[in-house]
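Worksheet for the structure shown next.
The values are calculated or read from the model by the stated rules, or taken from the named source; none is laboratory data. From a predicted model like this one, the values you see are computed outputs, not experimental measurements. With ideal geometry, Cβ positions are generated from the backbone for all residues, glycine too; neighbour counts draw on all protein chains shown.
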Amino acid sequence: MAMLNLHILLPVLAQWLTFLTSCQAARYNNGFFYHDLMNGNGNGEIYFNGVRLHVESPNSLVSAARGSNVTLPCYYRYEPELSVPRTTRVKWSWIPANGGSSAIAPSSSARETEVMVAMGNRHRSYGSFRGRVRLRRAAPGDMSLVISELHLHDTGRYRCEVIDGLEDESVTVDLELRGVVFPYFSQNGRYHFNFLEAQQACERQDATLATFEQLFTAWEEGLDWCNAGWLADGTVQYPITIPREGCGGTDLSAGLRSYGQRHRLFHRFDAFCFAASLKGTVYFLHTNKLNFTEAVQACIKDGGQIAKVGQLYAAWRLMGLDRCDAGWLADRSVRYPIVKARTNCGPSEPGIRNFGFLPEDHKYNVYCYR
């Protein structure tokens with residue numbers, strides 16, 4: 001009986017040993033060579049022993065102008081090089097720089113969203129990027145993303161992920177717009193915006209809530225403002241170049257004063273907005289002085305529209321608009337831009353002079369956008 005069992009078991013054991021031996025050199029259909037589980041760590045991990053995939057970008061930060069086309073560089077290669085090319089899958093995803101609209105949970109805005117996926121000659125784009133993105137493919141391994149007609153909300157961190165079988169490597173590229181940060185407050189006075197209202201206020205002025213990096217750059221360039229405002233990450237901060245009482249005190253050095261994260265619904269502050277470069281032109285309309293309603297109509301009649309605050313700031317900082325004449329803007333404020341400070345044109349530093357929000361029956365000239 002024992003001999004019979006051994007006679008039955010020997011062929012089975014031989015087949016099992018043959019199977020185990022073949023597993024020692026299993027080659028998967030993606031061309032990578034792996035040791036099988038018997039040579040692993042006992043926890044289901046497969047040890048890699050062959051060609052390695054590398055994904056790289058020569059630029060981790062790309063700066064571009066609003067409305068332009070921009071290329072985010074991404075390349076992949078194998079080490080050692082392959083003699084026969086393989087089909088890879090490429091996925092571009094994105095984390096917006098300007099946060100989400102969540103009233104309470106800022107972490108919910110940090111999720112990556114798909115921009116584009118491609119494999120071979122097939123590709124698909126998503127959301128607001130649909131029809132505006134493509135892969136450059138200027139050379140073998142070039143998976144750089146080309147974005148057309150750059151939007152104000154396209155800024156953020158982009159991830160280029162290359163997938164080949166079990167290999168998955170990625171690199172990130174930050175995209176920023178050239179522009180200018182400006183403080184903005186409600187027509188009702190200081191500290192009237194919760195986070196969502198601050199977002200909306202900036203958007204109405206053709207701008208977005210500034211990021212910390214944008215505010216820090218503005219501070220380095222000399223922005224000094226003693227009123228706290230919301231930023232895109234839900235923090236409240238303000239920039240001080242000249243320490244003084246009432247602005248953090250004289251014991252603190254110059255820098256950004258931070259209140260940290262605030263409740264996005266209940267706490268109220270001003271806003272720091274970011275205006276990007278313009279595709280159109282802001283101009284002073286030569287006409288008789290007008291009330292606000294007449295000013296709106298005058299710009300429309302001239303083929304444009306009354307300019308927004310963000311547009312005036314962008315024209316001043318990025319296009320050199322300099323005019324010592326006060327004019328209406330779309331939010332019913334009266335302002336004028338000064339590049340070269342001079343007598344009878346306000347303070348001794350360049351900037352946007354602000355008369356505040358005035359009654360609509362007051363008469364001024366107007367700044368238009370076309």
Based on what the data block shows, is Leu312 assigned to a helix (DSSP H, G or I), modelled with pLDDT under 95 and either farther than 24 Å from Gly229 by Cβ or touching a Lys or Arg at 6+ places or on another chain (Cβ under 9 Å) (or both)? no
Tell me, yes or no, whether the range 315-338 has at least one residue that is loosely packed, with under 15 Cβ neighbours inside 10 Å, on the phi > 0 side of the Ramachandran plot and not in a strand (DSSP E or B). yes
Suppose the filter is surrounded by fewer than 22 Cβ atoms within 10 Å (Cβ to Cβ), out of contact with any Cys (no Cβ under 7 Å at 6 or more places or on another chain), closer than 23 Å to Trp328 by Cβ and not hydroxyl-bearing (Ser, Thr, Tyr); does Asn288 pass it? yes
Is at least one residue of the range 125-135 over 25 Å from Pro85 (Cβ atoms) and touching a residue at least 60 places away in the same chain (Cβ under 8 Å)? no
Quick test of your reading of the structure: Lys289 fulfils all but one of (1) under 20 Å from the mean Cα position of the chain (by Cα); (2) among the charged types (D, E, K, R); (3) outside any loop (DSSP other than H, G, I, E, B). Name the failing condition by number. (1)
Go through the range 67-97 and give me each residue that's among the hydrophobic types (A, V, I, L, M, F, W, C), in a loop (DSSP other than H, G, I, E, B) and at pLDDT 85 or above. Cys74
Within the range 134-235, considering only strands (runs of 3 or more DSSP E) that don't extend past its boundaries, which have at least 2 residues that are closer than 22 Å to Trp94 by Cα and among the aliphatic types (A, V, I, L, M)? 145-147, 156-164, 167-177
